[in-house]
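Okay, so here's the structure we're looking at.
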Amino acid sequence: MESEQPDKAASGRQPLRYGTVEFLKSVYALNQLPEDNLPEVAFAGRSNVGKSSLINRLINRKGLVKVSAKPGKTQSLNFFVVDQRLYLVDLPGYGFARVSKELRAEWGELITGYLGDRAPLRCVVVIIDIRHPLKEQDHDLVTWLRDRQIPWLAVYTKADKLSRNEQSRQAAALDAALTIAPGQRVLFSAKTGEGRENLIAGLDTFLG
Ligand code: GTP
Ligand code: MG
């Protein structure tokens with residue numbers, strides 16, 4: 001007897017392969033957000049922390065997301081569509097001092113307006129430089145997400161810049177500062193690709 005295999009792709013349960021990834025659009029105002037209700041994962045972090053590089057490594061396309069020569073490069077919400085099933089959203093960095101106060105306030109409004117009221121948003125990836133103690137703005141973002149019960153995942157990036165011992169020490173310090181367990185974050189390097197599989201698995205848990 002032939003057993004029938006359920007169509008996994010149709011039920012949306014097959015893990016994402018990050019096989020096809022395309023740039024959809026840059027969003028500068030909330031009324032420009034996509035309306036097709038695909039699930040979204042947003043990538044947040046300080047300016048220059050490596051958000052765009054992380055996305056490029058995740059999707060294994062070197063130049064698809066623009067990487068900064070100067071900090072503050074990403075000024076819009078940039079939407080990429082993965083396997084026709086998911087949006088990755090590259091957010092502008094916070095904490096960049098060289099833009100005007102007004103512009104910073106505008107960015108803040110766009111980002112918090114998006115993150116705080118977005119039904120398709122499944123997870124905010126909070127990207128933190130593993131080399132440094134937790135910055136106040138990272139802490140503020142996580143508190144803000146927790147207050148609103150918005151799901152998030154910590155990624156400690158630029159791991160290639162530290163020895164294994166230093167990685168463990170810094171990761172433990174960041175875990176303590178964020179009050180999370182080691183299972184709730186991913187060690188990552190956009191340079192070497194370390195952590196990519198863990199990041200994919202971590203994101204899958206939010207995508208169900
Ligand atoms: P903004 O969009 O300006 O906020 O920056 P961003 O957070 O998107 O950072 P971006 O990916 O542009 O990277 C900033 C710099 O860090 C670039 O010079 C990258 O090459 C470098 N970089 C990013 N990730 C890593 C990493 O994992 N390891 C190393 N060694 N360098 C990295
Ligand atoms: Mg960027």
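A few points about this structure:
- Extension gain for Ala201 to Ala177 (0.36 nm times residue separation, less C-alpha to C-alpha distance): 6.3 nm.
- Per residue, the accessible area of region 8-204 comes to 51 Å², computed with a 1.4 Å probe over protein heavy atoms only.
- Global geometry of region 8-204, whether rounded, prolate or oblate, following the gyration tensor of its Cα atoms and the 1.5 cut on a/c: rounded
- Charged-residue dipole, Cβ positions (Lys, Arg, Asp, Glu), region 8-204 about Cα centre, Debye nearest 20: 660
- Accessible surface comparison of Lys66, Lys158, probe 1.4 Å, protein chains only, largest first: the order is Lys66, Lys158.
The values are calculated or read from the model by the stated rules, or taken from the named source; none is laboratory data. Being a predicted model, the structure only gives us computed values, none of them experimental. Positions of Cβ are generated from backbone atoms using ideal geometry, with glycine treated the same way; all protein chains shown enter the neighbour counts. Quick note on the areas: whole protein, heavy atoms, side chains included, nothing else; ligands and nucleic acids left out. Shrake-Rupley method; radii C 1.70, N 1.55, O 1.52, S 1.80 Å.
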